[in-house]
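This report refers to the structure that appears directly beneath it.
The values are calculated or read from the model by the stated rules, or taken from the named source; none is laboratory data. Just so it is clear, the model here is predicted, and its values are computed rather than measured. Because the Cβ atoms are built from the backbone with ideal geometry, glycine has one as well, and the counts that use them run over all protein chains shown. Quick note on the areas: whole protein, heavy atoms, side chains included, nothing else; ligands and nucleic acids left out. Shrake-Rupley method; radii C 1.70, N 1.55, O 1.52, S 1.80 Å.
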Amino acid sequence: MIENQRHSAKHIAREDSLTKQVHERFAQAKKRETKQVRLVQLIILLVFFALWEVAARLKWIDVLLFSYPTKVFKLLWDKLLDGSLLPHVGVTVVETIIGFVLGTLFGTALAVIIWWSPFLSRVLDPYIVVLNSMPKVALGPLFIVGLGPGLLSIIATTLSITVIITTLVVYGSFKEVDQNYVKVVSLFGGTKRKVFQKVILPASFPAIVSTLKVNVGLAWIGVIVGEFLVSQMGLGYLIIYGFQVFNFTLVISTLFVIAIVATFMYQIVSNLEKRLTKHR
């Protein structure tokens, strides 16, 4: 009996050791693959900038319209040194964060309300579809007149984009939950609140978290559009100002800054998504 137990313990230990080795090899392979992906991404970016610079120097493209990397980087460096760039970046980032957070919260809350009341869902469905298809830039003048040419108009423009998309995605995830689970909870006397807490919300949590990444891009679109219309500060204002004075290097430089900051914010949200889904 004791010999059998020892043999079984050794067998389990060997299996655990083998499992750990397989997991370590898999993790190392994933790390190597990630490094290769990052390397290829960097090479593509460097090749793009190199070709852009060469094309400008050899007059293959119109330098007045498309500028070139060294000129763009010099302009950005000069604006960093004189302190004129960071205030614009700060204003746009704050507006984007506000629009992102409020859009996610309001959109999720609206999805919950619609799921809670099937009657309300049927009533609001055509209106949500129409609002989603409506060009949000067209709403800008209404926001300006109603809320004034300031921060509120920019936030309203951002919310007009983020709230509807969030509502559609989250509500869609609610409807896709397996109804068998809902029936089981209901059969054991679960109220609608319990069904939502125990079944709907946990099953839809990955979709809700995924909307965070979507809303980062949508919030940037809303803020930049709003700044096009009303702002005297921010990256959207710099783009419009660059067009007005025919300084396309400023326009491209601003777009470059937007790409960097938006990527940074997207990476933060992506890491947050991984942590939230990992702990569930």
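Using a 10 Å Cβ count of at most 15 others and DSSP loop calls, identify the longest part of the chain lacking such chymotrypsin sites (Phe, Trp or Tyr not before Pro). Could the numbers behind the result be given before it?
Working: sites that count: 60, 188, 246.
The longest such stretch corresponds to 61-187.
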Surrounding charge for residue 152, neighbours by C-beta under 15 angstrom, Lys/Arg +1, Asp/Glu -1, total -2
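Can you tell me the FRET efficiency between residue 63 and residue 26 if r is taken as the Cβ-Cβ distance and R0 is 41 Å, rounded to the nearest 0.05?
Numbers: r = 50 Å, r/R0 = 1.21.
E(calc), rounded to 0.05, equals 0.25.
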Expressed in nanometres to one decimal, the distance between label points 7 Å along Cα→Cβ at residue 268 and residue 248 is 3.3 nm
Once both label points are put 7 Å beyond Cα along the C-beta direction, the residue 255-residue 34 separation in nm becomes 3.2 nm
Plugging the Cβ-Cβ distance of residue 133 and residue 81 into 1/(1 + (r/R0)^6) at R0 = 30 Å yields, to the nearest 0.05, a FRET efficiency of 0.05
Counting only backbone N atoms under 19 Å from a point 7 Å out along Cα-to-Cβ of residue 94, the residues of segment 144-165 in range are 148-159
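Net charge within 13 Å of residue 73 by Cβ-Cβ distance, Lys/Arg positive one each and Asp/Glu negative one each, not counting residue 73 itself?
Values: positive: 71, 74, 79; negative: 53, 78.
Every neighbour counted, the sum reads +1.
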Per-residue ellipticity at 222 nm attributable to helices in the chain (runs of n ≥ 4 DSSP H, -39500 (n - 2.57) apiece, nearest 500 deg cm²/dmol) works out to -29000 deg cm²/dmol
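Send over a whole-number figure in Å² for the accessible area per residue of segment 149-280, probe 1.4 Å. Let's see the in-between values first.
Values: 6870 Å² over 132 residues.
Heavy-atom SASA per residue in segment 149-280 reads 52 Å².
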The percentage of the accessible area of segment 194-254 (probe 1.4 Å, all protein chains present) made up of carbon and sulfur atoms, to the nearest whole number, is 68 percent
Between the modelled labels at residue 186 and residue 70 (7 Å from Cα along Cα→Cβ) the distance in nm is 7.1 nm
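How much of the accessible area of segment 40-159, probe 1.4 Å, is carbon plus sulfur, in whole percent? Could the numbers behind the result be given before it?
Details: 5920 of 7430 Å².
On segment 40-159, the fraction of accessible area on carbon and sulfur atoms equals 80 percent.
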Listed residues 155, 44, 164; largest mean-square fluctuation, Gaussian network over the chain with Cα springs below 10 Å, found at 44
